[in-house]
Amino acid sequence: ELKVEQNPLFLSMQEGKNYTIYCNYSTTSDRLYWYRQDPGKSLESLFVLLSNGAVKQEGRLMASLDTKARLSTLHITAAVHDLSATYFCAVDVRATSGTYKYIFGTGTRLKVLA
Amino acid sequence: DAGITQSPRHKVTETGTPVTLRCHQTENHRYMYWYRQDPGHGLRLIHYSYGVKDTDKGEVSDGYSVSRSKTEDFLLTLESATSSQTSVYFCATHSGRETQYFGPGTRLLVL
């Protein structure tokens with residue numbers, strides 16, 4: 001069974017602190033996606049990691065991918081309240097139809113405390 | 001951002017009634033997906049489409065059917081709604097092997 005696991009599931013952190021969210025997946029995929037979801041809202045794309053060793057950064061968020069370990073990390077630097085949201089990782093797997101299906105992790109709910 | 005709309009945005013229905021949710025996109029994307037989101041489960045794929053009239057099942061397809069007669073529209077039908085189908089439903093699209101673009105979601109309550 002294809003699985004995408006995130007940890008932690010819940011994260012409460014102080015402003016200014018650093019932390020890392022982990023995303024492990026069980027299938028061989030060379031691509032990984034990170035999304036952000038604000039409460040009551042839809043998902044928006046944060047990063048697309050296209051290959052082993054890929055690193056992407058935007059503001060206080062940095063994502064990396066290790067396809068050999070089947071692991072991606074989302075590192076938060078000097079957290080601010082505006083980063084409070086739920087973060088999802090996802091991998092794509094080839095379907096029998098030839099297209100790709102996306103498998104999502106259960107999400108990490110981040111709360112940044114002032 | 002991709003132009004994706006979902007209708008209705010909120011719906012309350014009774015057990016046993018059929019329900020159809022609509023996803024409409026203006027981006028001419030080939031691929032469209034229906035997910036449901038429930039606490040503790042993340043997003044789970046219900047059905048997806050890889051072209052007009054080309055659809056396939058996802059991991060939680062029981063009790064759901066889909067149709068896609070035009071590139072821009074992807075319909076999700078709950079044949080006979082049950083309380084276990086109370087959820088938030090998201091439509092997503094993309095054009096190639098890339099990130100997905102999500103619609104605003106539909107909150108469905110089955111009483």
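The values are calculated or read from the model by the stated rules, or taken from the named source; none is laboratory data. These figures come from a predicted structure and were not determined experimentally. Ideal geometry is used to build each Cβ from the backbone, glycine not excepted, and the neighbour counts take in all protein chains shown. With ligands, DNA and RNA removed, areas are computed over all heavy atoms of the protein, side chains included. Shrake-Rupley method; radii C 1.70, N 1.55, O 1.52, S 1.80 Å.
For the range A:46-60, the criterion of being within 14 Å of chain B (Cβ to nearest Cβ) and of a type in the set (Ser, Thr, Tyr) is met by at least one residue. Is there a residue in the range A:47-61 that is outside any strand (DSSP E or B), modelled with pLDDT of 95 or more and out of contact with any Lys or Arg (no Cβ under 8 Å at 6 or more places or on another chain)? The answer is yes; a qualifying residue exists. Within the range B:35-70, the set of residues being in a loop (DSSP other than H, G, I, E, B), within 15 Å of B:Ser87 (Cα to Cα) and touching a strand residue (DSSP E or B) at 6+ places or on another chain (Cβ under 6 Å) comprises B:Val60, B:Ser61. When B:His94 is tested against the conditions (1) in contact with a strand residue (DSSP E or B) (Cβ under 8 Å, 6 or more places away or on another chain); (2) surrounded by fewer than 18 Cβ atoms within 10 Å (Cβ to Cβ), the lone failure is (2).
Of the residues making up the range A:98-114, those that are free of Cβ contacts under 8 Å to residues at least 40 places away in the same chain and either surrounded by 15 or more Cβ atoms within 10 Å (Cβ to Cβ) or within 19 Å of B:Asp38 (Cβ to Cβ) (or both) number 3.
A:Ile76 - would you say it is touching a Pro at 6+ places or on another chain (Cβ under 8 Å) and at negative phi?
Details: touching a Pro at 6+ places or on another chain (Cβ under 8 Å): no; at negative phi: yes.
Answer is no for this residue.
Table: residues versus (1) over 24 Å from A:Glu1 (Cβ atoms); (2) in contact with a Leu (Cβ under 8 Å, 6 or more places away or on another chain).
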site	(1), (2)
B:Arg36	no, yes
B:Tyr48	no, no
B:Ser67	yes, yes
B:Tyr89	no, yes
B:Arg107	yes, no
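Would you confirm whether any residue within the range B:98-109 is more than 10 Å from chain A (Cβ to nearest Cβ), surrounded by fewer than 16 Cβ atoms within 10 Å (Cβ to Cβ) and at pLDDT 95 or above? Give the steps one after another, and end with the answer.
Taking the range B:98-109 and keeping what is more than 10 Å from chain A (Cβ to nearest Cβ), we get B:106, B:108-109.
The next check asks that each one be surrounded by fewer than 16 Cβ atoms within 10 Å (Cβ to Cβ); those that pass are B:109.
Then keep just the ones that are at pLDDT 95 or above; that gives B:109.
Scanning the range B:98-109 turns up at least one residue that is more than 10 Å from chain A (Cβ to nearest Cβ), surrounded by fewer than 16 Cβ atoms within 10 Å (Cβ to Cβ) and at pLDDT 95 or above.
Against the condition crowded, with 18+ Cβ neighbours inside 10 Å, under 17 Å from B:Tyr35 (Cα atoms), at pLDDT below 95 and within 11 Å of another protein chain (Cβ to nearest Cβ), how does A:Tyr35 come out, does it pass? Against the criterion (crowded, with 18+ Cβ neighbours inside 10 Å, under 17 Å from B:Tyr35 (Cα atoms), at pLDDT below 95 and within 11 Å of another protein chain (Cβ to nearest Cβ)), A:Tyr35 does not qualify. Of the residues contained in the range B:35-50, one or more are found to be out of contact with any Ser or Thr (no Cβ under 7 Å at 6 or more places or on another chain), loosely packed, with under 13 Cβ neighbours inside 10 Å, more than 9 Å from chain A (Cβ to nearest Cβ) and farther than 24 Å from A:Ser29 by Cα. With respect to (1) under 19 Å from B:Pro18 (Cβ atoms); (2) touching a residue at least 40 places away in the same chain (Cβ under 8 Å); (3) surrounded by 17 or more Cβ atoms within 10 Å (Cβ to Cβ); (4) within 14 Å of chain A (Cβ to nearest Cβ), the lone exception for B:Val66 is condition (2). Looking only at residues in the range B:1-34 that are among the hydroxyl-bearing types (Ser, Thr, Tyr) and assigned to a strand (DSSP E or B), which one is least open to solvent (accessible area, probe 1.4 Å)? Ranking the qualifying residues of the range B:1-34, first place goes to B:Tyr33. Residue count for the range B:50-62, restricted to those that are at pLDDT 95 or above and of a type in the set (Gly, Ala, Ser): 1.
Figure legend. Inter-residue proximity from the range A:65-78: first residues open to solvent by less than 50 Å² (accessible area, probe 1.4 Å), second residues of a type in the set (D, E, K, R), beta-carbon distance below 7 Å, spacing 6+ or different chains. Indicated pairs: A:Thr67/A:Asp30; A:Ile76/A:Arg60; A:Ala78/A:Arg60.
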